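Enquirer: Dropping a structure here in structure tokens format, bear with me for questions.
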Amino acid sequence: MKKVINITTAKHKLLKIIAELEEDIIITRDYQPVAVLSPMPRNTAQQKPALIVLAARQCDHHTRMKSITVINGSAKLFNKTVVVYSRETEPYLREFDHHNLLAIETKKKEHPIVTSLKAGITCLEASDTFFMFSFLNKPITQDTLLRLTAAIKEAETEKKGIIIPVSGEKPSHPLIFSTKYKANIIEIRKELGIPHIIKRHKEDILYVNVEE
């Protein structure tokens with residue numbers, strides 16, 4: 001059974017409807033169906049991390065396509081790809097290709113990176129256990145993505161919640177976090193950012209060599 005409600009009722013009772021949403025609800029306007037509210041499907045790919053791409057700031061075509069080509073080619077490593085975009089970068093969205101692609105807009109693209117990350121992690125489900133975040137303007141290789149996602153099993157075995165790649169004996173990117181850090185990231189002040197979390201949880205880090 002599917003319930004049908006008009007758009008005026010949906011507008012006034014939206015919070016209650018969403019809180020109780022268990023099946024599709026059809027919304028009508030001018031005596032015609034115009035939209036469907038659906039509950040989020042359950043994530044069955046718990047062994048795979050989510051990928052959050054920070055793409056709110058514009059970058060040149062060559063750099064952008066180099067990043068997106070690798071991301072699209074590595075889609076099978078992730079259960080979902082979340083793209084954080086701005087009004088200026090919205091056209092980039094059609095260049096991404098993933099069976100579970102989520103896009104969320106930020107109006108604070110000039111704020112520190114952690115602000116965009118906060119937007120991205122709101123798309124994570126309760127069943128997500130790890131997420132990686134990368135920068136559209138900093139291309140990475142498929143091999144790096146493969147090594148980092150493969151390291152999640154080791155991190156779980158060693159009970160580590162942060163995975164940091166190392167290249168040239170220096171910490172690099174992208175980083176992977178256990179979703180247990182979701183609340184920390186949401187609550188962190190923008191001027192402190194991710195470096196503050198890493199500094200406070202050094203004992204929870206797994207370093208992974210990604211040198212070619």
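The values are calculated or read from the model by the stated rules, or taken from the named source; none is laboratory data. Values in this document were obtained by computation on a predicted structure and should not be read as measured data. So basically every Cβ, Gly included, is an ideal-geometry build from the backbone, and we count neighbours across all protein chains shown.
Enquirer: Could you please find all residues in region 73-111 being over 24 Å from K48 (Cα atoms) and hydroxyl-bearing (S, T, Y)?
Expert: The answer is S86, T89, Y92, T106.
Enquirer: Can you find a residue in region 77-95 that is of a type in the set (S, T, Y) and in a helix (DSSP H, G or I)?
Expert: yes
Enquirer: If you don't mind, there's one more thing I want to ask. Of these, T106, T149, which one is buried (at least 20 other Cβ atoms within 10 Å of the Cβ), among the β-branched types (V, I, T), within 15 Å of R57 (Cβ to Cβ) and in the same structural domain as I197 (by TED's automatic domain parsing)?
Expert: The match here is T106.
Enquirer: If a residue has to be in contact (Cβ under 8 Å) with a residue 12 or more places away in the chain and aliphatic (A, V, I, L, M) to count, how many in region 85-101 make the cut?
Expert: 1
Enquirer: A follow-up question, please. With the requirement that a residue be out of contact with any Gly (no Cβ under 6 Å at 6 or more places or on another chain) and hydroxyl-bearing (S, T, Y), what does region 153-212 give you?
Expert: Hits for region 153-212 are T157, S167, S172, T179, Y181, Y207.
Enquirer: Out of region 51-109, which residues are within 27 Å of I152 (Cα to Cα) and among the β-branched types (V, I, T)?
Expert: Once the filter is applied, which keeps residues that are within 27 Å of I152 (Cα to Cα) and among the β-branched types (V, I, T), region 51-109 yields I52, V53, I68, T69, V70, I71, T81, V82, V83, V84, I104.
Enquirer: Given region 1-76, what helices (runs of 4 or more DSSP H) lie entirely inside it while holding 1 or more residues that are more than 28 Å from the chain's Cα centre (by Cα)?
Expert: 7-12
Rundown of residues vs (1) more than 19 Å from A126 (Cα to Cα); (2) modelled with pLDDT of 95 or more, yes/no style:
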residue	(1), (2)
I163	yes, yes
G168	yes, no
P171	yes, no
I176	no, yes
T179	no, no
N184	no, no
E187	no, no
G193	yes, no
H196	yes, no
